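The values are calculated or read from the model by the stated rules, or taken from the named source; none is laboratory data. Bear in mind the structure is a predicted one, so any value in this text is a computation, not a measurement. Cβ coordinates were reconstructed from backbone atoms using ideal geometry, including for glycine residues, and neighbour counts include every protein chain displayed. With ligands, DNA and RNA removed, areas are computed over all heavy atoms of the protein, side chains included. Shrake-Rupley method; radii C 1.70, N 1.55, O 1.52, S 1.80 Å.
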Amino acid sequence: GKTLQSISILAYQYEYQQIQGPHLVCVPKSTLSNWMKELARWCPCLRAIKFHGSREERQDMIYNYFSNEAAAHDGKRPSLPQIPNPDDPEGALIDDNSQNPRGWDVCVTTYEVVNNEKAALGKFGWKYLVIDEAHRLKNE
């Protein structure tokens, strides 16, 4: 229930406030895959990435996804007409993000990665921050 409520807030911002992101979701490692699955299920229009892995894998992701150009994007949905989704056999429409330097809208990661990659994540003006199991912040 709480996961879906959090996703619905991000969906509301996307659909009604025209805010595409960036959003940061901090979760325990044990729920990382579930969050990715639920985002894809309930709000497939939001492009989510899982920021996790070895130091080398994270450095590769920083290079590919967390550039200064990506951080400078205003987070508004594109004003271009929607285009058919090539991955959907029913031809659902998706936003044309061809002019968006950021290839994602939601970054799902763990508390440990946030602590280790502060420099990369600190470049972004996050529109929304979701903290799963927030009591952990108080206890650590």
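Which residue, of Asp74, Asp87, Asp60, is more than 23 Å from Gly125 (Cα to Cα) and open to solvent by 60 Å² or more (accessible area, probe 1.4 Å)? Let's see the steps before the verdict.
Values: Asp74 fails: more than 23 Å from Gly125 (Cα to Cα); Asp60 fails: more than 23 Å from Gly125 (Cα to Cα).
Exactly one of Asp74, Asp87, Asp60 is more than 23 Å from Gly125 (Cα to Cα) and open to solvent by 60 Å² or more (accessible area, probe 1.4 Å), namely Asp87.
Filter region 94-129 down to the residues that are of a type in the set (Val, Ile, Thr) and open to solvent by 10 Å² or more (accessible area, probe 1.4 Å), then identify the one that is modelled with the highest pLDDT. So that I can check it myself, show each step before the final result.
Within region 94-129, the first condition is being of a type in the set (Val, Ile, Thr), and the residues that meet it are 94, 106, 108-110, 113-114.
The next check asks that each one be open to solvent by 10 Å² or more (accessible area, probe 1.4 Å); those that pass are 94, 114.
Numbers: Ile94: 68, Val114: 90.
Top of the filtered list is Val114.
I'm trying to understand the selection: among the residues of region 6-38, which are in a helix (DSSP H, G or I), farther than 21 Å from Ala71 by Cβ and in contact (Cβ under 8 Å) with a residue 60 or more places away in the chain?
Let us first name the residues in region 6-38 that are in a helix (DSSP H, G or I), namely 6-16, 29-38.
From the residues that got through so far, the ones that are farther than 21 Å from Ala71 by Cβ too are 6-9, 11-12, 15-16, 29-38.
Within region 6-38, Ser6, Ile9, Lys29, Thr31, Leu32, Trp35, Met36 meet the criteria.
Quick one: Lys50 ticks every box in (1) open to solvent by 30 Å² or more (accessible area, probe 1.4 Å); (2) in a loop (DSSP other than H, G, I, E, B); (3) at pLDDT 90 or above except a single one, so which number is it?
(2)
Which of the residues spanning region 21-39 are farther than 12 Å from Val108 by Cα and over 9 Å from the mean Cα position of the chain (by Cα)?
Just the residues of region 21-39 that are farther than 12 Å from Val108 by Cα, to begin with: 21, 30.
Scanning region 21-39 gives a single hit, Ser30.
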